[in-house]
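Peer 1: Got a structure for you, written out below as structure tokens; questions coming shortly.
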Amino acid sequence: QVQLVESGGGLVQAGGSLRLSCAASEYTFMRYAMGWFRQAPGKERQFVAGISWNGGMTSYEDSVKGRFTVSRNNAKNVYLQMSSLKPEDTAVYYCAVKSRIGGSTYSRLEDYDSWGQGTQVTVSS
């Protein structure tokens, strides 16, 4: 977890936007697929978005499709652009490194080994 640092969270009104950033401690992390997950109070950590090692493929949880965009640069950073935010998006958002190479999905928690500390996103109605 200490190898990833999320930032960019905060308080925003419904309909607003935020961009979350995930900074990796080593450039080599950019050779792995990355994922964004979120966890609301009293709920399990759930998949939000994933991106392949080269950014060529992305995957989204149904509730964020069309509103969130995951991207990455060729350095050490992965981003989650969030727009049209809703109160139900309120959660702690986590960046993670996908440890299982290949596979058919980005959404499995058990496929990720390294996690950031999380950044709080709060959306008011």
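Peer 1: Determine which member of the set 92, 78 is part of a strand (DSSP E or B), crowded, with 22+ Cβ neighbours inside 10 Å and within 12 Å of the chain's Cα centre (by Cα).
Peer 2: Numbers: 92 fails: crowded, with 22+ Cβ neighbours inside 10 Å.
It is 78.
Peer 1: What's the number of the only condition in (1) farther than 15 Å from residue 3 by Cβ; (2) charged (D, E, K, R); (3) open to solvent by 20 Å² or more (accessible area, probe 1.4 Å) that residue 113 fails to meet?
Peer 2: Every listed condition holds for residue 113 apart from (1).
Peer 1: Starting from segment 103-119, keep only residues that are free of Cβ contacts under 8 Å to residues at least 40 places away in the same chain and more than 21 Å from residue 19 (Cβ to Cβ), then list their pairs with residues that are part of a loop (DSSP other than H, G, I, E, B) and of a type in the set (S, T, N, Q) whose Cβ atoms are within a distance under 6 Å, requiring at least 6 positions of separation or different chains.
Peer 2: 113/99
Peer 1: Which of the following residues is open to solvent by 30 Å² or more (accessible area, probe 1.4 Å), within 30 Å of residue 124 (Cβ to Cβ), touching a helix residue (DSSP H, G or I) at 6+ places or on another chain (Cβ under 9 Å) and among the small types (Gly, Ala, Ser): 63, 83, 99, 59? Even if it seems obvious, please write down each step before you answer.
Peer 2: On the way: 83 fails: touching a helix residue (DSSP H, G or I) at 6+ places or on another chain (Cβ under 9 Å); 99 fails: within 30 Å of residue 124 (Cβ to Cβ); 59 fails: touching a helix residue (DSSP H, G or I) at 6+ places or on another chain (Cβ under 9 Å).
Of the residues listed, the single one that is open to solvent by 30 Å² or more (accessible area, probe 1.4 Å), within 30 Å of residue 124 (Cβ to Cβ), touching a helix residue (DSSP H, G or I) at 6+ places or on another chain (Cβ under 9 Å) and among the small types (Gly, Ala, Ser) is 63.
The values are calculated or read from the model by the stated rules, or taken from the named source; none is laboratory data. Predicted model, so just to flag it, every value in this text is computed and none were measured. Cβ atoms come from the backbone with ideal geometry, glycine included; neighbour counts cover every protein chain shown. Heavy atoms of the whole protein, side chains included, go into the accessibility calculation; ligands, DNA and RNA do not. Shrake-Rupley method; radii C 1.70, N 1.55, O 1.52, S 1.80 Å.
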